[in-house]
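Colleague: After the structure tokens below, expect a handful of questions from me.
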Amino acid sequence: GDSVTQMEGPVTLSEEAFLTINCTYTATGYPSLFWYVQYPGEGLQLLLKATKADDKGSNKGFEATYRKETTSFHLEKGSVQVSDSAVYFCAPFGAAGNKLTFGGGTRVLVKP
Amino acid sequence: DAGVIQSPRHEVTEMGQEVTLRCKPISGHNSLFWYRQTMMRGLELLIYFNNNVPIDDSGMPEDRFSAKMPNASFSTLKIQPSEPRDSAVYFCASSGTGGFWTDTQYFGPGTRLTVL
């Protein structure tokens, strides 16, 4: 089974709306957690990360908090822009062996 | 900094042909990763190197795939013979010194491979 569960898209929003993308994982121990973003036609870029429980990663207005008790790392942004349209990947390290495991990706489309 | 460089950006070939994808990591990085992205399977790690040595190739789909890293500034991923199911976008990524897996991985723009 999957070791990373990420909400399916596409998620369509209007500009300035609130965005949440859920991510949960299964792993032994406490993996480091990452969110990557892939803009159209490009490779992946690290968006934010958290390396231990209760850490909050933040970048470009996005935030995610490492929740050990719920094994979750949900991504949020309070006011999205059209330029946030992209595919977002949750990626824990250690969820499936000694490597990064990417979720299936969530496509987000922000309309003006 | 030029970032991770991949070539070619697009490759169209016929089934049975040999395909070689190339990657130049960011200067000074000591880890290099090859990924494959498809709609059906998402993003998969194929193989990774540390200090030019292959560490884990368990993601390589079969013997038709091989990867080399002859020096710190160059790596290849070869498919021989290629098959239509190999059609995908192949990404190379590199990361630097420090914590092996907590370092940020920097991705190249990818090579879109189409096998007819």
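Colleague: How charged is the neighbourhood of B:Pro8? Take every other residue with its Cβ under 12 Å from the Cβ of B:Pro8, and add Lys/Arg as +1 and Asp/Glu as -1. Let's see the in-between values first.
Modeller: Working: positive: B:Arg9, B:Arg22, B:Arg112; negative: B:Glu11.
Once all neighbours under 12 Å are counted, the net charge is +2.
Colleague: If you split all Cα-Cα distances of the range A:18-63 into 5 Å bins from zero, what percentages do you get per bin, shortest first?
Modeller: Binned Cα distances yield the sequence 5, 17, 26, 26, 16, 8, 3, 0.
Colleague: Quick check for me: using +1 on Lys/Arg Cβ and -1 on Asp/Glu Cβ, what's the dipole size of chain A about its Cα centre, in debye to the nearest 20? Before the final figure, lay out the partial values.
Modeller: On the way: 10 positive and 11 negative charges, 49 e Å.
Computed charge dipole of chain A: roughly 240 debye.
Colleague: Ignoring the sites themselves, what is the longest stretch of chain A with no trypsin sites (Lys or Arg not before Pro) in a DSSP loop and at most 13 other beta-carbon atoms within 10 Å? Working shown, then result.
Modeller: Details: sites that count: A:Lys52, A:Lys60, A:Lys68.
Segment A:1-51 is the longest.
Colleague: While we're on this one: Please list the non-local residues whose amide H lies under 5 Å from the amide H of A:Ser32, H modeled 1.01 Å from N, same-chain partners needing a gap of 5 or more.
Modeller: Residues meeting the criterion, in which the H sits 1.01 Å from N, are A:Phe93.
Colleague: Right, another one. If you take the Cα Rg of chain A and divide it by 2.2 N^0.38 Å, with N the number of residues, what do you get?
Modeller: Working it through for chain A, the quotient is 1.01.
Colleague: Please work out the C-alpha center-to-center distance from the range A:46-112 to the range B:1-65 and express it in whole Å.
Modeller: Here the answer is 24 Å between Cα centres.
Colleague: B:Met39 versus B:Arg9, label points 7 Å from Cα toward the beta carbon: distance in nm?
Modeller: 2.3
Colleague: Hey, what's the Cα Rg ratio for the range B:1-53 versus the globular rule of thumb, 2.2 N^0.38 Å? Don't skip to the answer; put the middle values down first.
Modeller: On the way: Rg = 13.2 Å, N = 53, 2.2 N^0.38 = 9.9 Å.
Here the Cα radius of gyration is 1.33 times the empirical estimate.
Colleague: Taking the protein assembly as shown as the region of interest, what is the percent of Cα-Cα pairs per 10 angstrom bin, listed from the shortest bin to the one with the maximum distance?
Modeller: In order of increasing distance, the bins hold 8, 32, 35, 20, 5, 0 percent.
Colleague: Taking neighbour Cβ counts within 10 Å as the exposure measure, how do B:Asp63, A:Asp84, A:Asp54, B:Asp57 sort from fewest upward?
Modeller: With the sparsest Cβ surroundings first, the list reads B:Asp63, A:Asp54, B:Asp57, A:Asp84.
Colleague: Please report A:Leu13, B:Leu45 as a ranked list, fewest other C-beta atoms within 10 angstrom at the top and most at the bottom.
Modeller: Working: A:Leu13 18, B:Leu45 22.
The fewest-first ordering by Cβ neighbours comes to A:Leu13, B:Leu45.
Colleague: Could you run the Karplus curve 6.51 cos²θ - 1.76 cosθ + 1.60 with θ = phi - 60° over the range A:56-65 and give me ³J(HN,Hα) per residue in whole Hz, x for Gly and Pro?
Modeller: Values per residue, Gly and Pro as x: 10, x, 8, 5, 6, x, 8, 9, 8, 10 Hz.
Bear in mind these aren't lab numbers, they're just calculated from the coordinates by the rules spelled out. All of these numbers come straight from a predicted model, not from anything done at the bench. Cβ: placed from backbone, ideal geometry, glycine included. Neighbour counts: every protein chain shown.
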